[in-house]
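In what follows, a structure is listed as C-alpha coordinates, so that the remarks can point back to it.
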Amino acid sequence: MHPAELLRQARLKEYPLQPLQGGDMGQVWRAGPYVVKTHPSPPAGLFQAEARGLFALFQAGIRVPEVHWASNEGLVMEYLPPGEPDWEKLARMLAGLHRLRPPAYGWDDRVFLGRFELPSGTQSNWQSFWLEKRIQPLLEATWNQLGPLGPRVEALFKEPLPQEGPALIHGDLWQGNVLHAQGGPALLDPSVWWGERAVDLAMMTLFGGFPAPFWKIYRVLYPIPPEVELALPRYQLYYLLVHVHFFGSSYLPLLLRTLEAAK
(Lines give C-alpha, C1' and ligand atoms only; values in the text may rest on other atoms or scores of the structure.)
Protein backbone atom coordinates (compact mmCIF):
# COMPACT_ATOMS: atom_id res chain seq x y z
CA MET A 1 0.00 0.00 0.00
CA HIS A 2 1.21 3.50 -0.79
CA PRO A 3 2.31 5.49 2.29
CA ALA A 4 -0.14 8.28 1.49
CA GLU A 5 -3.01 5.79 1.62
CA LEU A 6 -1.88 4.65 5.07
CA LEU A 7 -1.98 8.25 6.28
CA ARG A 8 -5.49 8.57 4.87
CA GLN A 9 -6.53 5.35 6.63
CA ALA A 10 -5.16 6.73 9.88
CA ARG A 11 -7.04 10.01 9.25
CA LEU A 12 -3.79 11.94 9.45
CA LYS A 13 -2.69 14.90 7.37
CA GLU A 14 -0.68 14.01 4.27
CA TYR A 15 2.84 15.36 3.80
CA PRO A 16 5.51 15.06 1.10
CA LEU A 17 7.22 11.69 1.32
CA GLN A 18 10.95 11.28 1.90
CA PRO A 19 12.58 7.80 1.84
CA LEU A 20 14.47 6.84 5.00
CA GLN A 21 17.14 4.24 5.62
CA GLY A 22 16.22 1.04 7.42
CA GLY A 23 14.15 -0.70 4.78
CA ASP A 24 15.76 -4.15 4.70
CA MET A 25 12.38 -5.67 5.55
CA GLY A 26 10.22 -3.15 3.70
CA GLN A 27 10.05 0.54 2.85
CA VAL A 28 10.31 3.39 5.35
CA TRP A 29 9.24 6.95 4.64
CA ARG A 30 9.14 10.24 6.49
CA ALA A 31 5.94 12.23 6.08
CA GLY A 32 6.31 15.44 8.07
CA PRO A 33 5.90 14.51 11.78
CA TYR A 34 5.31 10.83 10.91
CA VAL A 35 7.24 7.77 9.79
CA VAL A 36 5.38 5.32 7.55
CA LYS A 37 6.47 1.68 7.14
CA THR A 38 5.12 -0.49 4.36
CA HIS A 39 5.96 -3.72 2.54
CA PRO A 40 4.86 -5.06 -0.87
CA SER A 41 3.60 -8.35 0.64
CA PRO A 42 3.81 -8.32 4.43
CA PRO A 43 2.87 -11.40 6.47
CA ALA A 44 -0.50 -10.96 8.16
CA GLY A 45 -0.07 -9.44 11.60
CA LEU A 46 3.51 -8.21 11.08
CA PHE A 47 2.89 -4.52 11.70
CA GLN A 48 0.42 -5.08 14.53
CA ALA A 49 3.03 -7.26 16.26
CA GLU A 50 5.59 -4.48 15.90
CA ALA A 51 3.13 -1.98 17.39
CA ARG A 52 2.45 -4.26 20.38
CA GLY A 53 6.19 -4.74 20.87
CA LEU A 54 6.80 -1.00 20.88
CA PHE A 55 4.02 -0.54 23.43
CA ALA A 56 5.47 -3.29 25.65
CA LEU A 57 8.85 -1.54 25.58
CA PHE A 58 7.19 1.79 26.36
CA GLN A 59 5.44 0.24 29.36
CA ALA A 60 8.84 -1.02 30.52
CA GLY A 61 10.27 2.52 30.51
CA ILE A 62 11.96 2.43 27.10
CA ARG A 63 11.75 5.39 24.76
CA VAL A 64 10.10 4.41 21.48
CA PRO A 65 8.27 6.34 18.76
CA GLU A 66 4.56 6.67 19.42
CA VAL A 67 2.42 4.49 17.16
CA HIS A 68 -0.44 6.34 15.44
CA TRP A 69 -1.76 3.52 13.25
CA ALA A 70 -1.12 -0.16 12.64
CA SER A 71 -2.79 -2.44 10.10
CA ASN A 72 -1.92 -5.39 7.88
CA GLU A 73 -0.71 -2.90 5.28
CA GLY A 74 1.66 -0.82 7.37
CA LEU A 75 2.55 1.26 10.38
CA VAL A 76 2.44 5.01 11.08
CA MET A 77 4.66 6.27 13.89
CA GLU A 78 6.01 9.46 15.36
CA TYR A 79 9.10 10.92 13.67
CA LEU A 80 11.93 11.50 16.15
CA PRO A 81 14.53 14.01 14.87
CA PRO A 82 18.12 12.69 14.98
CA GLY A 83 20.46 13.77 17.75
CA GLU A 84 23.85 12.99 19.25
CA PRO A 85 24.55 9.51 20.69
CA ASP A 86 24.11 9.23 24.46
CA TRP A 87 25.64 5.86 25.31
CA GLU A 88 25.23 6.32 29.05
CA LYS A 89 21.49 6.90 28.74
CA LEU A 90 21.17 3.91 26.41
CA ALA A 91 23.13 1.69 28.81
CA ARG A 92 20.93 2.71 31.74
CA MET A 93 17.79 2.17 29.69
CA LEU A 94 18.78 -1.33 28.54
CA ALA A 95 20.12 -2.46 31.91
CA GLY A 96 16.76 -1.48 33.39
CA LEU A 97 14.91 -3.36 30.67
CA HIS A 98 16.96 -6.52 31.15
CA ARG A 99 16.45 -6.49 34.92
CA LEU A 100 12.68 -6.85 34.54
CA ARG A 101 11.60 -10.35 35.59
CA PRO A 102 8.55 -11.68 33.71
CA PRO A 103 6.95 -14.99 34.74
CA ALA A 104 7.99 -17.28 31.85
CA TYR A 105 9.74 -17.59 28.49
CA GLY A 106 7.97 -16.73 25.25
CA TRP A 107 5.09 -14.45 24.27
CA ASP A 108 1.37 -15.02 23.97
CA ASP A 109 0.92 -12.73 20.94
CA ARG A 110 2.43 -13.17 17.49
CA VAL A 111 6.21 -12.71 17.25
CA PHE A 112 8.26 -11.95 14.14
CA LEU A 113 12.02 -11.77 13.64
CA GLY A 114 12.18 -9.63 10.55
CA ARG A 115 9.35 -11.14 8.48
CA PHE A 116 9.91 -14.62 9.93
CA GLU A 117 7.04 -15.62 12.23
CA LEU A 118 8.09 -17.46 15.38
CA PRO A 119 5.82 -19.73 17.43
CA SER A 120 3.88 -17.98 20.18
CA GLY A 121 3.14 -19.36 23.64
CA THR A 122 5.11 -19.57 26.87
CA GLN A 123 7.10 -22.20 28.77
CA SER A 124 8.99 -22.32 32.03
CA ASN A 125 11.91 -24.41 30.72
CA TRP A 126 14.39 -22.27 28.78
CA GLN A 127 16.35 -25.09 27.17
CA SER A 128 13.32 -26.75 25.60
CA PHE A 129 11.68 -23.43 24.70
CA TRP A 130 14.80 -22.14 22.94
CA LEU A 131 15.27 -25.31 20.91
CA GLU A 132 11.61 -25.98 20.05
CA LYS A 133 10.22 -22.45 19.63
CA ARG A 134 13.20 -20.51 18.31
CA ILE A 135 15.98 -22.67 16.82
CA GLN A 136 14.02 -25.55 15.30
CA PRO A 137 11.73 -23.36 13.15
CA LEU A 138 14.77 -21.55 11.76
CA LEU A 139 16.65 -24.79 11.14
CA GLU A 140 13.68 -26.16 9.22
CA ALA A 141 13.54 -22.98 7.12
CA THR A 142 17.27 -23.00 6.31
CA TRP A 143 18.14 -26.74 6.37
CA ASN A 144 18.62 -27.06 2.60
CA GLN A 145 20.92 -24.02 2.58
CA LEU A 146 23.02 -25.12 5.56
CA GLY A 147 24.29 -28.41 4.15
CA PRO A 148 26.71 -30.09 6.60
CA LEU A 149 26.43 -27.15 9.02
CA GLY A 150 22.82 -28.02 9.85
CA PRO A 151 23.47 -31.08 12.07
CA ARG A 152 26.32 -29.22 13.81
CA VAL A 153 24.08 -26.29 14.70
CA GLU A 154 21.30 -28.59 15.87
CA ALA A 155 23.66 -30.64 18.06
CA LEU A 156 25.11 -27.50 19.62
CA PHE A 157 21.71 -26.30 20.80
CA LYS A 158 20.93 -29.58 22.52
CA GLU A 159 23.72 -28.80 25.01
CA PRO A 160 22.66 -26.90 28.19
CA LEU A 161 22.79 -23.11 28.14
CA PRO A 162 23.54 -20.86 31.14
CA GLN A 163 20.46 -19.19 32.57
CA GLU A 164 19.79 -15.97 34.45
CA GLY A 165 16.00 -16.14 34.27
CA PRO A 166 13.40 -14.57 31.97
CA ALA A 167 13.80 -10.91 30.97
CA LEU A 168 11.86 -8.63 28.66
CA ILE A 169 14.01 -8.42 25.53
CA HIS A 170 13.94 -6.25 22.43
CA GLY A 171 14.72 -9.34 20.37
CA ASP A 172 16.60 -7.74 17.44
CA LEU A 173 18.91 -5.28 19.15
CA TRP A 174 21.62 -4.34 16.68
CA GLN A 175 22.89 -0.78 16.34
CA GLY A 176 20.61 -0.10 13.39
CA ASN A 177 17.58 -0.50 15.66
CA VAL A 178 18.83 2.18 18.05
CA LEU A 179 17.75 5.69 17.05
CA HIS A 180 20.01 8.42 18.41
CA ALA A 181 17.35 11.10 18.65
CA GLN A 182 17.05 14.55 20.13
CA GLY A 183 16.36 14.11 23.84
CA GLY A 184 18.02 10.71 24.03
CA PRO A 185 18.08 7.27 22.37
CA ALA A 186 15.00 5.32 21.32
CA LEU A 187 14.54 1.72 20.19
CA LEU A 188 12.98 0.66 16.88
CA ASP A 189 11.88 -2.50 15.04
CA PRO A 190 11.47 -4.82 18.04
CA SER A 191 10.87 -8.55 18.16
CA VAL A 192 9.68 -8.41 21.76
CA TRP A 193 9.25 -11.47 23.95
CA TRP A 194 10.38 -12.88 27.29
CA GLY A 195 13.75 -14.59 27.01
CA GLU A 196 17.24 -14.77 28.44
CA ARG A 197 18.92 -11.37 28.13
CA ALA A 198 21.77 -13.21 26.38
CA VAL A 199 19.55 -13.17 23.27
CA ASP A 200 19.81 -9.37 23.22
CA LEU A 201 23.46 -9.39 24.28
CA ALA A 202 24.26 -11.66 21.34
CA MET A 203 22.84 -9.24 18.79
CA MET A 204 24.42 -6.30 20.63
CA THR A 205 27.85 -7.90 19.99
CA LEU A 206 27.20 -8.98 16.37
CA PHE A 207 27.77 -6.99 13.15
CA GLY A 208 30.20 -4.55 14.77
CA GLY A 209 28.39 -4.38 18.08
CA PHE A 210 27.85 -1.50 20.46
CA PRO A 211 30.89 0.70 21.28
CA ALA A 212 33.12 0.54 24.36
CA PRO A 213 31.54 3.59 26.11
CA PHE A 214 28.21 1.76 26.16
CA TRP A 215 29.63 -1.50 27.53
CA LYS A 216 31.67 0.24 30.22
CA ILE A 217 28.47 1.56 31.81
CA TYR A 218 26.20 -1.40 31.05
CA ARG A 219 28.59 -3.91 32.64
CA VAL A 220 28.74 -1.83 35.83
CA LEU A 221 24.96 -1.57 36.00
CA TYR A 222 24.32 -5.23 35.14
CA PRO A 223 27.48 -7.38 35.12
CA ILE A 224 27.55 -10.26 32.63
CA PRO A 225 28.62 -13.61 34.14
CA PRO A 226 31.57 -15.29 32.35
CA GLU A 227 29.49 -18.33 31.40
CA VAL A 228 26.94 -16.06 29.68
CA GLU A 229 29.73 -14.27 27.80
CA LEU A 230 31.04 -17.61 26.56
CA ALA A 231 27.59 -18.64 25.37
CA LEU A 232 26.95 -15.52 23.25
CA PRO A 233 28.20 -17.06 19.97
CA ARG A 234 25.60 -19.81 20.39
CA TYR A 235 22.90 -17.18 20.63
CA GLN A 236 24.34 -15.29 17.66
CA LEU A 237 23.62 -18.34 15.52
CA TYR A 238 19.91 -17.62 15.99
CA TYR A 239 20.29 -14.30 14.18
CA LEU A 240 22.62 -15.72 11.56
CA LEU A 241 20.10 -18.43 10.70
CA VAL A 242 17.44 -15.83 9.98
CA HIS A 243 19.96 -13.91 7.84
CA VAL A 244 20.68 -17.09 5.86
CA HIS A 245 16.92 -17.53 5.41
CA PHE A 246 16.35 -14.01 4.07
CA PHE A 247 19.66 -13.15 2.41
CA GLY A 248 21.14 -16.48 1.38
CA SER A 249 24.44 -18.31 1.45
CA SER A 250 26.60 -15.17 1.77
CA TYR A 251 26.07 -15.48 5.54
CA LEU A 252 27.31 -19.09 5.73
CA PRO A 253 31.01 -18.17 6.26
CA LEU A 254 30.11 -15.97 9.23
CA LEU A 255 27.79 -18.68 10.54
CA LEU A 256 30.65 -21.19 10.30
CA ARG A 257 33.08 -18.88 12.13
CA THR A 258 30.50 -18.27 14.85
CA LEU A 259 29.79 -22.00 15.11
CA GLU A 260 33.49 -22.68 15.60
CA ALA A 261 33.67 -20.00 18.32
CA ALA A 262 30.60 -21.34 20.15
CA LYS A 263 31.10 -23.01 23.53
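Sort segment 34-107 into rounded, prolate or oblate with this rule: let a ≥ b ≥ c be the square roots of the eigenvalues of the Cα gyration tensor; rounded if a/c is under 1.5, and if a/c is not under 1.5, prolate when a/b is larger than b/c, oblate otherwise.
Note, shape of segment 34-107 comes out oblate.
Can you sort 170, 245, 39 by 1.4 Å-probe accessible area, starting with the largest?
245, 39, 170
Report the rotationally averaged projected area of segment 128-251 based on its alpha-carbon convex hull, in square nanometres.
Dividing the Cα hull surface by four gives the mean projection, 8.4 nm².
Express in Å², to the nearest 10, the accessible area of residue 140 obtained by rolling a 1.4 Å probe over the protein heavy atoms while all chains stay in place.
It works out to around 140 Å².
Rounded to the nearest 0.05, what FRET efficiency is calculated for residue 55 and residue 1 with R0 set to 25 Å and r the Cβ-Cβ distance?
0.65
Going down the table (133/216; 133/263; 37/263), which pairs top 27 Å between alpha carbons?
In this structure, 133/216; 37/263 exceed 27 Å between Cα atoms.
From the list [x] 54, 43, 34; [y] 53, 44, 39; [z] 46, 44, 42, can you say which value of Cα extents along the principal axes in Å was derived from the structure given?
Correct label is [x].
At 1.4 Å probe size, with every protein chain present, just tell me what the per residue accessible area of segment 1-143 comes to in Å².
Per residue, segment 1-143 has 49 Å² of solvent-accessible surface.
State the extension gain, in nm to one decimal, for the chain segment bounded by residue 159 and residue 101, taking 0.36 nm per residue of separation less the distance between their alpha-carbons.
Contour length minus the Cα-Cα distance gives 18.4 nm.
Is there a quick way to get the dipole size of the chain? I mean about its Cα centre, with the Cβ of Lys and Arg at +1 and of Asp and Glu at -1; what is the value in debye to the nearest 20?
Dipole of the chain, to the nearest 20 debye: 240 debye.
Using a cut-off of 13 Å between alpha-carbon atoms, which aspartates and glutamates can reach residue 158, once sequence neighbours fewer than 8 places away in the same chain are excluded?
132
In the Gaussian network model of the chain, springs joining C-alpha atoms below 10 Å, which of 114, 209, 74 carries the largest mean-square fluctuation?
209
What are the membrane-span-like helices in the chain by this rule: whole DSSP H runs, Cα extent along the axis at least 18 Å, mean Kyte-Doolittle hydropathy at least 0.0?
Correct list, ordered by number: 46-59, 226-247.
Please report, in whole Å³, the volume per residue of the convex hull around the C-alpha atoms of segment 121-184.
143
Mind running the shape call on segment 65-104? Use the C-alpha gyration tensor, a ≥ b ≥ c as the square roots of the eigenvalues: rounded below 1.5 for a/c, prolate if a/b tops b/c, oblate otherwise.
oblate
Which percent of the accessible area of the chain is formed by carbon and sulfur heavy atoms (probe 1.4 angstrom)?
The nonpolar share, carbon plus sulfur, comes to 54 percent.
The values are calculated or read from the model by the stated rules, or taken from the named source; none is laboratory data. Computed from a predicted model, the values in this text were never measured in an experiment. Counting neighbours? That spans all protein chains shown, and the Cβs are built from the backbone with ideal geometry, glycine included. Heads up: the accessible areas ignore ligands, DNA and RNA and are worked out on the full protein's heavy atoms, side chains in. Shrake-Rupley method; radii C 1.70, N 1.55, O 1.52, S 1.80 Å.
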